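Below is one structure; the comments refer to it alone.
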2 protein chains.
Amino acid sequence: MKPVKVGICGLGTVGSGSFNILLNNAEEITRRVGRSIVIEQIGARRDNDTCDISGINITRDIFDVVNNPEIDIVLELIGGTTIAKKLVLTAIENGKHVVTANKALIAEHGNEIFAKAQEKGVMVAFEAAVAGGIPIIKTLREGLSANRIEWLAGIINGTGNFILTEMSEKKRNFDDVLAEAQALGYAEADPTFDVEGIDAAHKLTILASIAFGIPLQFEKTYTEGISRITAEDVAFAGQLGYAIKHLGIARRTKQGIELRVHPTLISKKQLLANVNGVMNAIMVQGDVVGPTLTYGAGAGALPTGSSVVADVIDVARTLTADPTNRVPHLAFQANALSDVEILPVEEIECGFFLNMTIQDRAGVLANITQILSLNDISIESLIQQEREGSDLVPLVVMTHDVKERNMNAAISAIEALPDVAGTVQRIRVENLA
Amino acid sequence: MKPVKVGICGLGTVGSGSFNILLNNAEEITRRVGRSIVIEQIGARRDNDTCDISGINITRDIFDVVNNPEIDIVLELIGGTTIAKKLVLTAIENGKHVVTANKALIAEHGNEIFAKAQEKGVMVAFEAAVAGGIPIIKTLREGLSANRIEWLAGIINGTGNFILTEMSEKKRNFDDVLAEAQALGYAEADPTFDVEGIDAAHKLTILASIAFGIPLQFEKTYTEGISRITAEDVAFAGQLGYAIKHLGIARRTKQGIELRVHPTLISKKQLLANVNGVMNAIMVQGDVVGPTLTYGAGAGALPTGSSVVADVIDVARTLTADPTNRVPHLAFQANALSDVEILPVEEIECGFFLNMTIQDRAGVLANITQILSLNDISIESLIQQEREGSDLVPLVVMTHDVKERNMNAAISAIEALPDVAGTVQRIRVENLA
């Protein structure tokens, strides 16, 4: 099949991330889609150092892109609601599909844009507009489509969550952490959009509409920021077993729908209370699935680009009436599966937790640590405990990563020691990083 | 558009859940799909008390269903790999789309089944085969399609997680908790599939294939269960800051792919370590999105049915060449959006955390609690602390749920008290249940 041609408008954070993913993961993407996706043109006021644009048609006028007859899909990544709106409507008018990361545009003008898109028979995809790399739009719209959604609650602004996390973990004040967040680039020079909840309200507006099947109603969202939260509030909440998180909450009640963004105390036992730093997460309560949670990076060039490019792939699949162009059963085209070797377990490396019973006698520990050392196994931590009235005591050893083959050899040798009773219990350790 | 007709084979746990969702959420589903989905026939050896099958064509021979020319989509919910395989292949041969929740069937015979489906131009959807209600197949296959997946690690067997959670929280032994799990219906009379990791290995096989684009290779998955984990292991791991979880891990390395199911120590700081009881969760590390996690119910009639019916909806959308039959922008058909009222914030009910500064004087607390009581606000907890060298002290009150309107009135009255200094800090509290 012939390649799908995209035009990118805007080469800032999200634009550059999307560009680099389309370029660097082109092979993986083609294996998935069954045809290649190429960047036909870029419209940007200036270049971006992180992007190697050599050989790509670049224009300083973004409207060139939406008027380029070669282009199938326009990526609106300029932000804002004035020019962006005009750009998207022109693209739709020209029969092009649109992918956007623009939460303000969708929350404030989505009803008009979607009506126009439907009239023209094109798609406007906006996964990246909510919670960056987390595919929450797809999850709500398709993954949980059998449900009547009852409510959702999300940490959907990374800047705010970073500030509250620092306030909680380091007992710092709001102003102090905000200044650091600005220095780190997590917060804008004018932080109003993030800390006063407007950004979160844009995202909540979109989520609520998709959850309940209601028009976008940004202006009706109750919005309260985190700027008045004090270190003392955080400390008292902690004493009561609660974390303070800035949540967007949408709930269906008999009286109507609640749409609200505000600082919220939630029990520390909730997974959501343990979502820290710039990460985002959304809980969704469906009538049949019960509670669910999705977690991931809510911002950044590559995570947000991950959602932009996933949307491009979704749209690309629809650009043919060929029914075999569905999502493949195993994600990749059947003729593009790769025959990579599955490693035998002996070749796998991980840490190990060893629990054994030894004679409480001089030299035993030295023998065991020598066996480990001979097998290139280094120890991370160790627990040796007395056991009253017994000369058999437990010994727990936690090791750094090592090949299973080495560990097998070490365990055999340890079990052969006369001062080790019975077998050695072995459980693998993973750092998941 | 004319209704989509499904035939259900099997009316056990998942069959009954799927049946009840299709019936009870029919209106919501039609609003999403733009056409109705009707149950044309059920094939089941016996009825199920939880299903009102009045008026539905029921047969005792499941092969009647796959041979019924009226049926568009067959739901294979009988389980097992012998009859189920024959049933699915016959359905495909007859040109019917298939939705299945059968992890063993897909993990062991998926390559053959998908090849046949591709040959016949039909879809075989299997979201419910992995992690029940969590849309992890869709997340991996579509939501994260821009990524080169690096690794994934999941708690994908609820029975095993229930046992390990109980062992950890209540310092109980494996055998003891297994007996309870069997009594509660979480574990089968023969628990081998769950506790020895075979069920998890089936699911991991499927996830790995979708993550990396490799054929299904169940027989190469290293599988180790939790039956030899002791209460002592759990306690020592806890001392070192680790939880023991039964994980399925798939990782891409330079040498090849790791595919393994085994008990694993992970840091208690990981979200995954805080996934307890029968719940499931999967971490996926993509090269551009970074770490993600999805969490939800991994089993049960309705959660698993949630995934079965989501698949039915996905398939139903493909049953027409009409391009407007795409997933609607706002999840529901544009002409099916509802005009539900958005509640003003005064009408919203939640708990409140109040933080104020009061004179350390007799009667002040009585005045405040009386004001709360007059406004129908009941107190859940309270912190009053001395502050050395000052007669102004902090008072923190946490309330049960109450309408914002009442809280506004109470706060105005409290702030008017001469013994209350400055304003009352008010933060909302949510139990997310």
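The values are calculated or read from the model by the stated rules, or taken from the named source; none is laboratory data. Fair warning: this is a prediction, and the values are worked out from it, not measured in the lab. Please note: Cβ atoms are built from the backbone with ideal geometry, for glycine as well, and neighbour counts cover all protein chains shown. The accessibility values were calculated without ligands, DNA or RNA, using every heavy atom of the protein model including side chains. Shrake-Rupley method; radii C 1.70, N 1.55, O 1.52, S 1.80 Å.
Odds and ends about this structure:
- Criterion violated by residue A:288 - all others in (1) assigned to a loop (DSSP other than H, G, I, E, B); (2) crowded, with 20+ Cβ neighbours inside 10 Å; (3) out of contact with any Leu (no Cβ under 9 Å at 6 or more places or on another chain) satisfied: (3)
Residue by residue, here is whether (1) within 12 Å of chain A (Cβ to nearest Cβ); (2) surrounded by fewer than 23 Cβ atoms within 10 Å (Cβ to Cβ); (3) not in a strand (DSSP E or B) holds:
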{"position": "B:1", "(1), (2), (3)": "no, yes, yes"}
{"position": "B:6", "(1), (2), (3)": "no, no, no"}
{"position": "B:27", "(1), (2), (3)": "yes, yes, yes"}
{"position": "B:35", "(1), (2), (3)": "no, yes, yes"}
{"position": "B:48", "(1), (2), (3)": "no, yes, yes"}
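- Pair list, Cβ under 7 Å, 6 or more apart: the stretch A:201-227 residue more than 22 Å from residue A:162 (Cα to Cα) and facing chain B (nearest Cβ under 7 Å), other residue surrounded by fewer than 21 Cβ atoms within 10 Å (Cβ to Cβ) and among the small types (Gly, Ala, Ser): A:213/B:336; A:213/B:338; A:214/B:338
- Where residue A:77 falls short, out of the listed (1) on the phi > 0 side of the Ramachandran plot; (2) open to solvent by 10 Å² or more (accessible area, probe 1.4 Å): (1)
- Residue ID - nearest to residue B:148 (Cα to Cα), chosen from residues in the stretch A:309-367 that are within 29 Å of the chain's Cα centre (by Cα), among the β-branched types (Val, Ile, Thr) and more than 7 Å from chain B (Cβ to nearest Cβ): A:312
- The stretch A:400-421, residues that are touching a helix residue (DSSP H, G or I) at 6+ places or on another chain (Cβ under 7 Å) and either among the aliphatic types (A, V, I, L, M) or free of Cβ contacts under 8 Å to residues at least 60 places away in the same chain (or both): A:403, A:404, A:405, A:410, A:413, A:414, A:417, A:420
- Filtered by the rule that a residue be part of a helix (DSSP H, G or I) and either exposed (fewer than 15 other Cβ atoms within 10 Å of the Cβ) or without any contact (Cβ under 8 Å) to a residue 12 or more places away in the chain (or both), the stretch A:348-368 gives a lone residue, A:366.
- Within the stretch A:132-158, restricting attention to residues that are surrounded by fewer than 24 Cβ atoms within 10 Å (Cβ to Cβ) and farther than 19 Å from residue B:329 by Cβ, the residue that is nearest to the other protein chains (Cβ to nearest Cβ) is A:148.
- Criterion applied to B:143, B:158, B:133 was being in contact with a Ser or Thr (Cβ under 6 Å, 6 or more places away or on another chain) and on the phi < 0 side of the Ramachandran plot, and the one residue passing it is B:133.
- Criterion: open to solvent by less than 50 Å² (accessible area, probe 1.4 Å), within 25 Å of the chain's Cα centre (by Cα) and at the interface with another protein chain (Cβ under 8 Å from one of its Cβ atoms) - qualifying residue of A:271, A:302: A:271
- Out of B:294, B:264, sole residue that is open to solvent by less than 40 Å² (accessible area, probe 1.4 Å), within 14 Å of the chain's Cα centre (by Cα), under 22 Å from residue A:274 (Cβ atoms) and assigned by TED's automatic domain parsing to the domain that holds residue B:155: B:294
- Residue count, the stretch B:331-375 (criterion: closer than 30 Å to residue B:36 by Cβ and either touching a Pro at 6+ places or on another chain (Cβ under 8 Å) or aromatic (Phe, Trp, Tyr) (or both)): 4
- Top-ranked residue of the stretch A:122-131 - restricted to ones that are part of a loop (DSSP other than H, G, I, E, B) and in contact with a helix residue (DSSP H, G or I) (Cβ under 6 Å, 6 or more places away or on another chain), ranked as nearest to the other protein chains (Cβ to nearest Cβ): A:123
- Number of residues in the stretch B:274-299 that are facing chain A (nearest Cβ under 7 Å) and either over 23 Å from residue A:140 (Cβ atoms) or in contact with a His (Cβ under 8 Å, 6 or more places away or on another chain) (or both) equals 1.
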